[in-house]
Amino acid sequence: MSATPRSTRSNPKNPGSQSALRQLNQQRIIETLMGGPATQAELSRQTGLSTATVSNIVKIMQDSGLASTEPITSSGRRALNVRLNSNGAVAVGIDFGRRHLRVVLASLSYHVIAEESVMLPLGHQSEEGIQAAVVLLEKLLRESGVDRSAVVGAGVGIPGPIDRRTGTVAQGAILPEWVGINILQHLEETLKFPVYVDNDANLGAWSEVTWGPHTGVSNLMFLKIGSGIGAGLILNGAPYYGNIGITGEIGHATIHEQGLVCRCGNRGCLETIASTTTMIELLSRGEDRPLTPADIVRKALARDPATLRVVDDAGLAVGRALGNVANLINPEVIVVGGPLAGLGNLLLEPIRRGLVRHAVPVIGETTALTMSSLGDRAEALGAAALVFQYAGIRRAQTD
């Protein structure tokens, strides 16, 4: 994947500006070094950049912990050898959920150094969630022996739309307590290093084409089914953000015009039928405690009739909504993620039936539908990959 997703961290730069040119040149040097160490003279020859440009960029990379240098003798002359620091450049991935928080540390070679998730109280405020993330991050850095100076930046996933004009959480988020908060500003002030914020479904899509098995796919849709339902889109090899960054709100597609009133104000939205919140409400009747998404998976795998019916109804509704989207964008692959991923074919089969029924036949037949292999780590891994993309580091195809 060669395209870099936009971040709420800054406005899109002029592609002809000095900073944009420097980032492009840095990426060329990094891609060359992916094949192994090289002298600055060799980097100049292989990239076509001047020796002065290579020297300046190597100095920047060295200061940021991306690379290290050592003097050597090459062809009888003194030279400076450059190598990438696979353990010296670390990305942080943070995934905020309605009830959970997950933090991962990832190395330059796209390997997870450390990760952990904790539960958050329902209805938590932004400051509470951010402080929990800080505590968990410091714990992981300490336990894994990673110095803060090695952190390139942090990618952050939020379960709701992000208005990219202002960097604020927009109305309609699963975390209503966070609406209107400039999450980017809060996090950068607290974490003290660069932060990149995106919707969690967008990061799920990004994880599938970086960490997942779909690195060669140019048109992919990632559907996250959780407390809300959202989609992330990779179109023509690049994340799709639309006009102001609010895309993929498939959870608010109308399925039943006379259905339940949704939190968005409309009736019969997909979210009122197929979200884990709705499933839990339906299946918790008569139980001594509210069920969890894990309980839904467990009961469905145990062939509980009521659970199977709820999952089947939800899957058909999701498939219907996907059929309309597939007719519009014709994706190669649709990946389903979220806390119900453990259901496997029990959820995929009704989704497939709904998709085939409501899509144009040739689209329904040629669109691959699969469950995410990354499970509940997808969004956090996508957040870490987002950092590397902004640092100009693309995953080597041989990884």
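For the full complex of protein chains and a 1.4 angstrom probe, list Arg309, Arg357 by accessible area with the highest value first.
Values: Arg309 150, Arg357 195 Å².
These residues rank, largest area first, as Arg357, Arg309.
Let me know the Rg and Dmax you get for region 291-376 when you use only its Cα atoms, in Å.
13.0, 39
Roughly how many Å² is the accessible area per residue of the chain, as a whole number, for a 1.4 Å probe?
44 Å²
May I ask you to derive the FRET efficiency for Thr254 and Glu138 from their Cβ-Cβ distance with R0 = 56 Å, giving the value to the nearest 0.05?
Once the sixth-power term is evaluated, E becomes 0.80.
Calculate, axis by axis, the spread of Cα positions in region 237-359 along the three principal axes, and write the results as whole Å, longest axis first.
For region 237-359, the Cα extents along the three principal axes come out at 46, 31, 25 Å.
When you count, for each residue, the other Cβ atoms within 10 Å and take the mean per peptide, how do 254-264, 108-118 rank with the highest first? Kindly include the intermediate steps, with their values, before the conclusion.
Details: 254-264: 13.5, 108-118: 16.5.
So the peptides 254-264, 108-118, ranked by packing, come out 108-118, 254-264.
Tell me, what % of the accessible area of the chain is carbon and sulfur with a 1.4 angstrom probe?
Numbers: 8660 of 17480 Å².
Carbon and sulfur atoms account for 50 percent of the accessible area of the chain.
Does anyone have the angle between helix 126-144 and the longest principal axis of the chain? Alpha-carbon axes, 0 to 90°, nearest 10?
50 degrees
Order of 136-144, 271-279, 177-185 by packing, highest average Cβ count within 10 Å first?
Ranked from most to least packed, the peptides come out as 271-279, 177-185, 136-144.
Can you compute the radius of gyration and Dmax for the chain, using only the Cα atoms, both in Å?
Rg and Dmax of the chain, Cα atoms, are 22.5, 82 Å.
For the peptides 238-250, 334-346, what is the packing order when you average, over each peptide's residues, the other Cβ atoms within 10 Å and list the highest mean first?
Details: 238-250: 17.5, 334-346: 21.8.
Taking the mean over residues of other Cβ atoms within 10 Å, the ranking is 334-346, 238-250.
Using a Gaussian network for the chain with springs between C-alpha atoms less than 10 Å apart, which of these wobbles most: Phe388, Phe222, Phe193?
Phe193
Taking H placed 1.01 Å from N in the peptide plane, check which residues at least 5 places from Thr168 or on another chain put their amide H under 5 Å from its amide H.
Correct list: Asp163.
Give the shape of region 95-155 as rounded, prolate or oblate, defined through the alpha-carbon gyration tensor: a ≥ b ≥ c are the square roots of its eigenvalues, a/c under 1.5 means rounded, and otherwise the shape is prolate if a/b is larger than b/c and oblate if not. All intermediate terms of the calculation are to be shown ahead of the outcome.
Values: a/c = 2.27, a/b = 1.98, b/c = 1.15.
Prolate, since a/c reaches 1.5 and a/b exceeds b/c.
Using the Cα centre of the chain as origin and beta-carbon charges of +1 (Lys, Arg) and -1 (Asp, Glu), tell me which of Thr73, Ile158, Leu203 is placed farthest towards the positive end of the dipole.
Checking the options against the dipole of the chain, the answer is Thr73.
Let me know the shape class of region 43-188, please: from the alpha-carbon gyration tensor, a ≥ b ≥ c as square roots of the eigenvalues, rounded when a/c is under 1.5, otherwise prolate if a/b is greater than b/c, or oblate.
The shape class here is prolate.
How many Lys pairs in the chain lie less than 23 angstrom apart by Cα atoms, where the lysines are 8 or more positions apart or on different chains?
Lysine pairs meeting both conditions in the chain amount to 5.
The values are calculated or read from the model by the stated rules, or taken from the named source; none is laboratory data. These figures come from a predicted structure and were not determined experimentally. Every residue, glycine among them, receives a Cβ derived from its backbone with ideal geometry; neighbour counts consider all protein chains shown. For the accessible areas, the whole protein counts, side chains as well, though only heavy atoms, and no ligand, DNA or RNA atoms are used. Shrake-Rupley method; radii C 1.70, N 1.55, O 1.52, S 1.80 Å.
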